[in-house]
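The values are calculated or read from the model by the stated rules, or taken from the named source; none is laboratory data. Since the model is a prediction, treat every value here as computed from it, not as a measurement. Note that each Cβ is placed from the backbone with ideal geometry, even for glycine, and that neighbours are counted across all protein chains shown. Quick note on the areas: whole protein, heavy atoms, side chains included, nothing else; ligands and nucleic acids left out. Shrake-Rupley method; radii C 1.70, N 1.55, O 1.52, S 1.80 Å.
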Amino acid sequence: MTIDRRDFLKLAALGGGAVLASALPGCASLRGGEGDFYFVQLSDTHWGFNGPAVNPDARGTLPKAIAAVNALPIPPDFIIFTGDLTHTTDDGDERRKRMREFREVAGTLANRAIRFIPGEHDAALDRGAAFREFFGETHYAFDHKGIHFIVVDNVSDPAARIGDEQLAWLAADLAKQPKDARIVVFTHRPLFDLAPQWDWATRDGDKAVELLMPYRNVVVFYGHIHQEHHHMTGHIAHHSAKSLIFPLPAPGSQPKRDPVKWDPAEPYRGLGFREVKRDGAEAGGVIELAVPRT
């Protein structure tokens, strides 16, 4: 079945909050393909973070999210973590310990088709060396049911650049695709300048967008900003994911990007994950996720 104007994304919020379903820009650009499918995006788990004021359940939130994903009535085709799997540390041994623990927890996902990309907390201090040991390459491409997926690494360079070498790889990969190819890009930082003063930008992200611009059907999914956000660069839609550790304030809404404090009356508020579906369902359908509160 091909998607049509009814195509939609469902954004599922964890824990006592409303579940939002809406038709978002760019989804219709994925028209066509080889049948129905959906994937789940999780982001910014920050395994190893310790901050009771913003999440006293820091080691419990990820397992709760995994339980929610495992309880989905239909298994997703694949699951992708879009960066900051672990919380940063200067200690290389501790960094690997956190990655090992994260991999073990992620391994409790019932669906074994799991993909990973790094965030700056995982990769900036060693240019992705530890990440590659545990999770493989930091940038790659794959195809699934008529859609070309591209993972762009804009975090291993501590200066927040993709870099000329990877941009050349991206150009070569795109050159193999027809201009009407259906393309989904995953990255950690936004490719556009959302809030550069908060490190919510990629210094050469405009070069990646320029390479993508000739392709008519492109959608970008990213993490990093710990909240839902939607943006258009020309016809390219960019959608951010919520975090699974703590929310952050709206871009530029205050002098510092301090985490939003935990509210005992509304635990897990602002945390969640996204399902991206291509099917014939009407917009407005809702999936209720019940996550036990602590």
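Remarks
- Of all residues in region 155-182 being within 17 Å of residue 219 (Cβ to Cβ) and touching a helix residue (DSSP H, G or I) at 6+ places or on another chain (Cβ under 7 Å), the one that is surrounded by the most Cβ atoms within 10 Å (Cβ to Cβ): 182
- For the residues 112, 98, the requirement of being assigned to a loop (DSSP other than H, G, I, E, B) and over 17 Å from residue 271 (Cβ atoms) singles out 112.
- Residues that are within 15 Å of residue 40 (Cβ to Cβ), open to solvent by 20 Å² or more (accessible area, probe 1.4 Å) and not in a helix (DSSP H, G or I) within region 68-95 comprise 71, 73, 74, 75, 77, listed in sequence order.
- Condition check for residue 115: open to solvent by 50 Å² or more (accessible area, probe 1.4 Å), at pLDDT 95 or above and over 18 Å from the mean Cα position of the chain (by Cα): no
- Among the residues of region 33-67, the ones that are under 17 Å from the mean Cα position of the chain (by Cα), open to solvent by less than 10 Å² (accessible area, probe 1.4 Å) and in contact (Cβ under 8 Å) with a residue 60 or more places away in the chain come to 11 in all.
- Members of region 217-247 found to be modelled with pLDDT of 95 or more, assigned to a loop (DSSP other than H, G, I, E, B) and surrounded by fewer than 21 Cβ atoms within 10 Å (Cβ to Cβ), listed by number: 234
- Taking region 188-216 as the range and being in a loop (DSSP other than H, G, I, E, B), hydrophobic (A, V, I, L, M, F, W, C) and within 17 Å of the chain's Cα centre (by Cα) as the test, the residues that pass are 191, 192, 194, 201.
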